[in-house]
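Structure first, commentary second.
The values are calculated or read from the model by the stated rules, or taken from the named source; none is laboratory data. Predicted model only: the values in this text are computed from it and were never measured. All Cβ positions, glycine included, derive from the backbone under ideal geometry; neighbour counts span all protein chains shown.
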């Protein structure tokens, strides 16, 4: 079940915008711009997991998981792009943002700390977690370790579209949060067994999926 954000939490407009700032609208992005998902995947290694946004020129790039395979992909956002997307609801796909509580043992996350190495949205999503599920996340968003992004790239066989809607995934217990969710199947299984909930933040936006080499070109932030 997806819990609409308005039923669980009222965020300020600024906070909501901060949530989606990591992947603002890029109207130039489309399925035809990318031939195959394979060249955008990078198998994760426990010793080399990337974390945090990197900037160069007028763009930022951050890591995410391919929600079909659990391998790594990278999302590029033009820094001056407008948002949110005005895509029809039928032309959107989910971006799962999985938030972890203090004490989780899963290790390195796509974005770490508050305000950490994804400072344009770390605090907003952490605040949502502590407000919606204080029994698991506590009441201080600044102590949360971070979160992951899960998306289906083009040609992956998953639910891909030009516009992605942010769905925050929150655990229902600290024990459940010791399982690292890196695929859509992981998320659905956790929800089905009452170990997590999904909270639709109510915004669609566009991002480009780019090769790992683009990410490593940038300067780390945060």
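Within the stretch 105-114, can one find any residue that is surrounded by 23 or more Cβ atoms within 10 Å (Cβ to Cβ) and not in a loop (DSSP other than H, G, I, E, B)?
Checking the stretch 105-114: at least one residue is surrounded by 23 or more Cβ atoms within 10 Å (Cβ to Cβ) and not in a loop (DSSP other than H, G, I, E, B).
Results for (1) on the phi < 0 side of the Ramachandran plot; (2) crowded, with 18+ Cβ neighbours inside 10 Å; (3) touching a strand residue (DSSP E or B) at 6+ places or on another chain (Cβ under 6 Å); (4) at pLDDT 95 or above, shown as yes or no for each residue.
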{"site": "147", "(1), (2), (3), (4)": "yes, yes, yes, yes"}
{"site": "155", "(1), (2), (3), (4)": "no, no, no, no"}
{"site": "161", "(1), (2), (3), (4)": "yes, yes, yes, no"}
{"site": "165", "(1), (2), (3), (4)": "yes, yes, yes, no"}
{"site": "169", "(1), (2), (3), (4)": "yes, yes, yes, yes"}
{"site": "175", "(1), (2), (3), (4)": "yes, no, no, yes"}
{"site": "182", "(1), (2), (3), (4)": "yes, yes, yes, yes"}
{"site": "186", "(1), (2), (3), (4)": "yes, yes, no, yes"}
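Just for the stretch 51-68: of the residues that are assigned to a loop (DSSP other than H, G, I, E, B), at pLDDT below 95 and surrounded by fewer than 22 Cβ atoms within 10 Å (Cβ to Cβ), which one is nearest to the chain's Cα centre (by Cα)?
Ranking the candidates gives 68 first.
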